[in-house]
Amino acid sequence: MPYNIMKMLWLQDRHVLFDEDKIFDEDYCKYYYLQHIKEVKEYFQGSANLLILNVEEKGSYKKLCEFLGKETKYDEFPHLNQTKEQ
């Protein structure tokens, strides 16, 4: 299998090879994504060093700034490269 279509995902002390058939398998990729999120939450359980943020939610910019200890410059995330609607 060519190197460019084989990817390696590291999960803690193990790795999983994504082969040509699996790398585009939505269920397979979603499983490992959700597994990673679960492991991150478990690792940081009880710690104030993790912020899980949905940037589409109203007020998420302020939550991020508070978490980082920074002052807010905007009410919401700025959209600096926004296309005009027609």
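The values are calculated or read from the model by the stated rules, or taken from the named source; none is laboratory data. In this text the structure is predicted, and so the values were computed from the model without any measurement. Cβ: placed from backbone, ideal geometry, glycine included. Neighbour counts: every protein chain shown.
For the stretch 50-71, a tally of residues being loosely packed, with under 10 Cβ neighbours inside 10 Å, outside any helix (DSSP H, G or I) and either aromatic (Phe, Trp, Tyr) or at negative phi (or both) returns 6. Residues in the stretch 19-49 that are part of a loop (DSSP other than H, G, I, E, B) and either at pLDDT below 85 or β-branched (Val, Ile, Thr) (or both): Asp19, Glu20, Asp21, Lys22, Ile23, Phe24, Asp25. Looking across the stretch 8-18, the residues that are closer than 23 Å to Leu50 by Cα and either modelled with pLDDT of 65 or more or surrounded by 11 or more Cβ atoms within 10 Å (Cβ to Cβ) (or both) come down to Leu9, Leu11.
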